[in-house]
1. Restricting to region 156-187, count the residues that are under 30 Å from PRO237 (Cα atoms) and among the hydrophobic types (A, V, I, L, M, F, W, C).
2. Could you list, in sequence order, the residues of region 11-54 that are free of Cβ contacts under 8 Å to residues at least 60 places away in the same chain and out of contact with any strand residue (DSSP E or B) (no Cβ under 9 Å at 6 or more places or on another chain)?
3. All but one of (1) in contact (Cβ under 8 Å) with a residue 40 or more places away in the chain; (2) within 23 Å of GLU45 (Cβ to Cβ) hold for LYS84; which doesn't?
4. Keeping to region 284-305, report how many residues are surrounded by 15 or more Cβ atoms within 10 Å (Cβ to Cβ) and either farther than 25 Å from ALA174 by Cα or aromatic (Phe, Trp, Tyr) (or both).
5. Evaluate the following for GLU273: is it surrounded by fewer than 17 Cβ atoms within 10 Å (Cβ to Cβ), more than 8 Å from the ligand (Cβ to nearest atom), among the acidic types (Asp, Glu) and under 30 Å from PHE158 (Cβ atoms)?
6. Applying the selection to region 276-290, what residues are more than 8 Å from the ligand (Cβ to nearest atom) and small (Gly, Ala, Ser)?
7. Being under 21 Å from ALA305 (Cα atoms), modelled with pLDDT of 95 or more and within 19 Å of the chain's Cα centre (by Cα) narrows it down to one residue among LEU261, LEU245; which is it?
8. Name the pairs: first residue in region 279-298 and under 14 Å from ALA265 (Cα atoms), second residue more than 6 Å from the ligand (Cβ to nearest atom) and hydroxyl-bearing (Ser, Thr, Tyr), Cβ to Cβ under 9 Å, at least 6 apart or on different chains?
Amino acid sequence: MRYKQFGKTGMQVSEMALGTWGIGGVGWDNNSEETRLDAIRAAVENGVNFIDTAPAYNGGEAERVVGKAIKNMGARKDVVISTKCGNVFVDGTTYVRDGSRERIRQQCEDSLKNLQTDYIDLYLIHWPDPKVPFAETMDALNQLKKEGKILHVGVSNFSREQMEEAGAFCPIEAFQPQYSMVHRDDEALIKWAAQQGMGIMTYGSLGGGILTGAFRELTTFNASDSRTRFYKHFQEPMFSKVMELLKVMDRFSEEHHQVPLAQIALNWCARKEFVSTCIVGAQSRKKVMENCAAFAWDLTDEEMALLDRAVAQCLDQ
Ligand SMILES: NC(=O)c1ccc[n+]([C@@H]2O[C@H](COP(=O)([O-])OP(=O)(O)OC[C@H]3O[C@@H](n4cnc5c(N)ncnc54)[C@H](OP(=O)(O)O)[C@@H]3O)[C@@H](O)[C@H]2O)c1
């Protein structure tokens, strides 16, 4: 595993962070609890020291599994935990934004219980809530910081204007945007956030799984599975463009001892100087180990240039 400074937080984090959106729900997790715990154990055993979760991930179930895994390993001090607030998963399908003071405090208390800890290393606003002034949301976070319940504050899915406005009330130390070979829409924003000294943790680093090559035909996920709704490359016209990119990645793999496509995608993401860590959702030991192995080798500058050209040619038209 390789490590980078996480912005100005003073924390050193692994270039791969383990994502937990899939745990326990949103349509594609049929794993046993032992398999889920074992996936987290595999990540930590292979040098991952950063785990991303949220109360919105299946109504706290992901946090509970993370808390149990870390407790079982006695690894609390070795792992940076990021969890989130301001987004509530209601009735098993709908996410509702709520940045109110009361909600933030209640979510923080619940997360501490779920995670079986008395502090959260990094606390992110999951999505901006246009109904609540940032002054109120950030004040709630300042208060939690003063009490030592959260150590660092970050945001996800914010625009530059929103970060500037919210950051005036409480320093924003981390940014969690969607970023991968198939989603570069926010690259300029991410570079700006990195220049401000924020740690950058990309989500959907495997494009929600499409960059692993596991989906070669347009797939309709069932209604409870958020992937089609959330990741636009699972729909046309993006899907066909991504299939063209996969052909280039397939050739690269053939020429490089059949290296898994997921490793190419993760290496590409981690090589970007403005990325601190790539969050990857994976719920079995095998997938976690395959992904960790991406950080045992490096794409060369020429290979990066070749992949960047392929990404532009396949997706930017
Ligand atoms: N802030 C936000 O709004 C936001 C939004 C989305 C995600 N996130 C965070 O970012 C994390 C990552 O995003 P994501 O999980 O949506 O997408 P992702 O990491 O791009 O892709 C995850 C998908 O790839 C599959 N996968 C992983 N490694 C694989 C491998 N080696 N071979 C084959 N398939 C593999 C996973 O399968 P299995 O799950 O079946 O193992 C899962 O279906 C989330 O878990 C969450 O922590 C944050």
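The values are calculated or read from the model by the stated rules, or taken from the named source; none is laboratory data. Given the structure is predicted, the values throughout are model-derived calculations rather than measurements. Quick reminder, even Gly has a Cβ in these numbers, built from the backbone with ideal geometry, and neighbours come from all protein chains shown.
1. The qualifying residues number 4.
2. Hits for region 11-54 are GLY24, ASN30, SER32, GLU33, GLU34, LEU37, GLU45.
3. Here LYS84 meets the rest and fails (2).
4. The number of residues fulfilling the criteria is 9.
5. When the stated conditions are applied, GLU273 passes them.
6. SER276 - this is the single residue of region 276-290 that is more than 8 Å from the ligand (Cβ to nearest atom) and small (Gly, Ala, Ser).
7. Matching residue, one of LEU261, LEU245: LEU261.
8. ILE279/SER82; ILE279/THR202; CYS292/SER14; PHE295/SER14
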